[in-house]
Amino acid sequence: MGKFYITTPIYYVNAKPHIGHAYTQIVVDVLARFHKMLGEEVFFLTGTDEHGEKIEEASLAAGFEKGREKEFVDTIVPSFKKVWEELEIEYDDFIRTTDPEHEREVQRFLESMWEKGDIYQGEYDGLYCTPCETYWTQTQASGGDCPECGRPVKELKEKNYFFRMGRYQQWLKEYIENEPEFILPDFRRNEVLGFLKEGLNDLCISRPKERMSWGIELPFDKEYVVYVWFEALINYISGLKKNGHMNMWPADYHVIAKDIIRHHAVFWPIMLKSMDMPLPGTIFAHGWWKMGADKMSKSRGNIVDPLELKDKYGVDPIRYFLIKAVVLGNDGSFSEEAFVTLYNSDLANDLGNLLNRTLTMVDKYFKGISPEADPSKADNAQAQRSRSLLESALNLVPGIKEDYLDEPGILLTEALSRIMLVIGKANKYIEESAPWEFAKKGDTGSIGLIMADLLEVLRNAAVGLYPFIPYSAGQMWSQMGLGDLEEALEKGELVREFEKAGAGERRFPPGVRTEKGDPLFMRIKKEG
Ligand code: MSP
């Protein structure tokens with residue numbers, strides 16, 4: 001059995017989570033659930049980034065005096081956990097950078113790098129961006145503004161500690177060139193290679209306590225705390241150690257957004273190399289959710305609250321929309337109108353309707369019991385039509401597996417589209433086959449075949465949809481009379497779906513009592 005270790009970034013606790021953060025969580029949750037379905041041992045780590053200047057400022061602004069930052073962050077962390085719970089994010093651990101296990105691990109990294117000579121003391125004389133907590137050279141911030149966030153930088157001269165990144169520049173460049181899956185999507189990989197060509201400065205990794213003290217102390221100089229980014233990355237290790245799971249290292253995926261690719265694809269591999277540790281398999285950078293042309297962020301005041309959206313529409317439509325509306329890797333612009341349109345067309349009209357119509361007909365024609373599929377008892381033309389739909393149904397699960405596992409990495413949006421295409425085909429199949437006409441002629445053989453085909457589509461679709469919309473997939477499963485989907489997953493039964501899929505055999509058994517329930521998705525009337 002393989003292992004699968006996947007992480008999200010750890011979020012700053014100066015703002016409550018918005019759908020941009022929720023997006024990363026959902027992407028990672030989908031991947032984690034999929035790999036569980038394959039029977040792998042999965043560890044999904046998320047958490048919060050709680051030190052540094054930004055948090056210190058937020059703490060002061062919230063009325064906590066200097067020195068009481070921990071109390072402040074303790075008030076924020078539960079709101080993250082609550083949102084993740086409400087969005088059905090099934091993480092295995094929540095690491096906080098104020099956890100003692102994390103602090104210990106950070107000090108271990110620092111000590112070891114110090115002993116090795118990869119950290120040295122020097123004088124910093126240059127520019128500094130407080131919101132990004134990043135030092136910039138005159139050339140980098142030539143206009144007086146931070147090249148990352150555009151806000152004004154300030155002059156700064158102080159003694160600090162530096163990490164010898166320059167030493168590893170050539171090694172990293174070659175590593176990235178030789179490992180095409182290390183940074184995905186491809187265009188991000190090229191971006192990082194371009195960045196490396198400009199030359200790597202050593203990284204200033206300390207902050208003097210007299211200026212900023214909310215952080216982890218340097219083990220070799222008590223007057224300093226460590227730069228927040230330098231310690232934050234180490235969460236990916238401390239989160240495993242805390243749980244006795246170091247056997248899961250290296251991570252299979254670090255999923256992040258494009259704005260923090262430099263930290264993950266440059267700083268982090270070099271830190272690991274300095275520690276003689278293996279590197280993660282893939283750093284996958286997705287795009288940004290925007291409002292109009294701007295990135296959705298607290299500082300711009302244009303956020304969408306996932307819980308408000310959930311109260312209005314439910315969890316699964318949020319999960320569905322975020323993955324389906326934008327190809328993973330690209331930017332997307334959020335609007336409630338687009339959300340409602342996709343909800344109505346894909347979820348209410350296509351998916352919900354197919355389940356409802358199918359189970360209504362199984363009730364009507366077969367007293368709710370799934371019929372046998374026997375093409376020899378069906379009308380010839382119908383048997384022909386059936387073959388084509390059946391093929392699509394049976395190819396669904398192997399196709400999805402390819403989307404997840406094959407080059408160039410994770411094709412989540414494509415996997416969803418693949419499923420919805422077959423759902424659409426099945427709806428069309430009902431129209432073309434017109435089972436009600438066969439009913440007039442008393443041709444139960446043909447109706448039986450049609451129903452078996454539709455149930456086959458729905459069963460395979462439910463398997464594929466589970467990671468994306470777990471609750472609704474579970475509803476589909478139980479309404480089809482197949483029992484509890486989560487339980488089947490726990491027992492490892494879904495592993496067989498992936499092993500046996502593509503063998504060309506129907507998997508929906510005859511004689512099952514279906515249990516039609518409430519419609520999965522009610523159509524939403526557009527406002528205004
Ligand atoms: N604390 C750092 C990460 C340290 S990881 C070792 C940080 N935190 S953050 O709170 O700013 O959140 C960053 C992550 O939140 C992004 O990488 C991304 O995953 C997610 N997103 C935040 N806003 C987003 C959008 N508007 N759109 C998409 N993702 C967004 O950076």
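General observations
- Filtered by the rule that a residue be of a type in the set (Asp, Glu) and open to solvent by less than 60 Å² (accessible area, probe 1.4 Å), the range 196-215 gives a lone residue, ASP202.
- Unique match (being in contact with an Asp or Glu (Cβ under 8 Å, 6 or more places away or on another chain) and assigned to a strand (DSSP E or B)) among TYR135, TYR124: TYR124
- Residues in the range 466-524 that are in contact with a helix residue (DSSP H, G or I) (Cβ under 7 Å, 6 or more places away or on another chain) and acidic (Asp, Glu) were compared, and the one that is most open to solvent (accessible area, probe 1.4 Å) is GLU515.
- Looking only at residues in the range 1-17 that are within 30 Å of GLY301 (Cβ to Cβ) and assigned to a strand (DSSP E or B), the one that is farthest from the ligand (Cβ to nearest atom) is THR7.
- Any hit, the range 143-154, residues being touching a strand residue (DSSP E or B) at 6+ places or on another chain (Cβ under 8 Å), under 20 Å from GLY52 (Cβ atoms), at pLDDT 95 or above and not in a strand (DSSP E or B): no
- On inspection, ASN427 fails the criterion of being part of a helix (DSSP H, G or I), buried (at least 22 other Cβ atoms within 10 Å of the Cβ) and in contact (Cβ under 8 Å) with a residue 12 or more places away in the chain.
- Helices (runs of 4 or more DSSP H) contained in the range 18-100 and holding at least 2 residues among the charged types (D, E, K, R) and open to solvent by 60 Å² or more (accessible area, probe 1.4 Å): 69-86
- The range 204-235, subset within 16 Å of the ligand (Cβ to nearest atom) and of a type outside the set (A, V, I, L, M), residue farthest from PRO278 (Cα to Cα): TRP214
- Filtered by the rule that a residue be touching a residue at least 24 places away in the same chain (Cβ under 8 Å), open to solvent by 40 Å² or more (accessible area, probe 1.4 Å) and assigned to a helix (DSSP H, G or I), the range 174-186 gives TYR175, ASP186.
- Selection of the range 128-142 for residues being within 22 Å of ASN14 (Cβ to Cβ) and hydroxyl-bearing (Ser, Thr, Tyr) yields TYR128, THR130, THR134, TYR135.
- As a summary of the residue check, ILE419 satisfies the conditions (1) without any contact (Cβ under 8 Å) to a residue 60 or more places away in the chain; (2) of a type outside the set (Phe, Trp, Tyr); (3) open to solvent by 50 Å² or more (accessible area, probe 1.4 Å) except for the one numbered (3).
- Selected residue (criterion: farthest from the chain's Cα centre (by Cα)) from residues of the range 134-151 that are of a type outside the set (S, T, N, Q) and open to solvent by 40 Å² or more (accessible area, probe 1.4 Å): GLY143
- Among the residues of the range 1-17, those identified as open to solvent by 20 Å² or more (accessible area, probe 1.4 Å) and within 11 Å of HIS35 (Cβ to Cβ) are MET1, GLY2, LYS3.
- Single residue of LEU389, LEU355 found to be under 30 Å from PRO467 (Cβ atoms), surrounded by 19 or more Cβ atoms within 10 Å (Cβ to Cβ) and touching a Phe, Trp or Tyr at 6+ places or on another chain (Cβ under 6 Å): LEU389
- Here SER335 fits the description: without any contact (Cβ under 8 Å) to a residue 60 or more places away in the chain, closer than 24 Å to ASP259 by Cα and exposed (fewer than 15 other Cβ atoms within 10 Å of the Cβ).
- If you check GLY492, GLY464, GLY474, GLY481 for being more than 28 Å from THR413 (Cα to Cα) and either out of contact with any Gly (no Cβ under 7 Å at 6 or more places or on another chain) or not charged (D, E, K, R) (or both), only one passes: GLY481.
The values are calculated or read from the model by the stated rules, or taken from the named source; none is laboratory data. Nothing here was measured: the structure is a model prediction, and the numbers come from that model. No Cβ is skipped: glycine too gets one built from the backbone with ideal geometry, and neighbour counts run over all protein chains shown. We work out accessible area using only protein heavy atoms, side chains counted, and drop any ligands, DNA or RNA first. Shrake-Rupley method; radii C 1.70, N 1.55, O 1.52, S 1.80 Å.
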